[in-house]
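A.B. asks: Structure below; questions to follow.
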Amino acid sequence: MSEREAFERQYQDSGFGSQRRYPNESLIGFLAGNYFRIPLEKRKSLRVLELGCGSGANLWLIAKEGFDTYGIDFAPTGITFCKDMLASWQVEAKLEVADMTQLPFEADYFDAIVDVVSMQHLNYQQHKLAYSEVNRTLKPGGKFFSYHLGENSISGRTAQSYIDHCTVADIAPGYPLAGNGPTCFLAGNEARKLMGNAGLINCNVEKQQRSYANQTQWIEYLIIQGEKVG
């Protein structure tokens, strides 16, 4: 099953229950550290794109905080739910069904591009394309954030079938995040290499662990940040 099929099925079967309803904490930290000192009324001039916005759990906050907000997702049902989520918070964003390896935007367009557990469903070659597109569409000095599964995750270490050296065909049943289709578990040095090869600078990767199944199974996340040369 492809990642598109996996997420379409989840949206159709579970609706909003297929994803969280509230923003990722590390994303909030990224936005707060870089932009919250800017007065709310001035943030409307800052364009922020979320890659793989899904049902809008992060996007509504970005819009609520006054940014000129954009979201893409390759699952049409996800975009439908995202519209409903934004309406429930009385905010707006520009939404498109699109592929993050071929962004439908002109060069030097965004002040920030963010990803929360969406790029991790690309294989390694697709990561290269997506990072290149991030660099192309960011303005000089624009910032990039990604929250991405790391190599020290039980779900990757127990996989039976690999697409490439860091991407599994699917996570085995019984392990966290199973059933989401192809899933990539990056090493920190690989994330830095991807950013550097794409042209991003000031690359930083922090690691975070989360427990599942009553703290018997552990997942590693990478908090990835970089920026386009100013």
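Here, each number is a calculation from the coordinates, and none is a lab measurement. These numbers come from a predicted model, not from an experiment. Neighbour counts are summed over all protein chains in view; Cβ atoms, including those assigned to glycine, are modelled from backbone coordinates with ideal geometry.
A.B. asks: Work through the residues other than Val229 whose Cβ is under 13 Å from its Cβ and net out their charges, Lys, Arg +1 and Asp, Glu -1.
C.D. replies: Around Val229, the surrounding residues sum to +2.
A.B. asks: Taking the Cα centre of the chain as the origin and placing charges on Cβ (Lys, Arg +1; Asp, Glu -1), which of Leu138, Gly156, Asn202 is farthest toward the positive end of the dipole?
C.D. replies: Comparing the listed Cα positions along the dipole, Asn202 ranks first.
A.B. asks: For the range 75-102 and the range 132-167, write down the distance between their C-alpha centroids in whole Å.
C.D. replies: 22 Å
A.B. asks: Still on this model: Running a GNM on the chain with Cα contacts under 10 Å, which residue among Gly181, Gly29, Gly71 ends up with the highest mean-square fluctuation?
C.D. replies: Gly29
A.B. asks: Which aspartates and glutamates, if any, have their Cα less than 18 Å from the Cα of Lys193, not counting same-chain residues under 8 positions apart?
C.D. replies: Asp115, Glu133, Glu151, Asp164, Glu206, Glu227
A.B. asks: Can you return the lysines within cross-link range of Lys83? Criterion is Cα-Cα under 23 Å, with same-chain partners fewer than 8 residues away left out.
C.D. replies: Cα-Cα hits under 23 Å: Lys44, Lys64, Lys94.
A.B. asks: Amide H to amide H under 5 Å from Gly142: which residues, 5+ apart in sequence or cross-chain, H placed 1.01 Å off N in plane?
C.D. replies: Lys228
A.B. asks: Just need the relative contact order of the chain here, percent rounded to a whole number, with Cα pairs under 8 Å and 6+ apart.
C.D. replies: 17 percent
A.B. asks: Separate question: About the Cα centre of the chain, how large is the charge dipole given +1 on each Lys and Arg Cβ and -1 on each Asp and Glu Cβ? Please answer in debye to the nearest 20.
C.D. replies: 540 debye
A.B. asks: If each DSSP helix of 4+ residues adds -39,500 (n - 2.57) and the sum is divided by the residues in the chain, what number results at 222 nm, nearest 500 deg cm²/dmol?
C.D. replies: Here the helix-only value at 222 nm equals -9000 deg cm²/dmol.
A.B. asks: For the range 49-60, just list the computed ³J(HN,Hα) in residue order, Karplus coefficients 6.51, -1.76 and 1.60, θ = phi - 60°, integers in Hz, with x standing in for Gly and Pro.
C.D. replies: Karplus values, whole Hz, x for Gly and Pro: 10, 9, 7, x, 6, x, 7, x, 4, 8, 5, 4.
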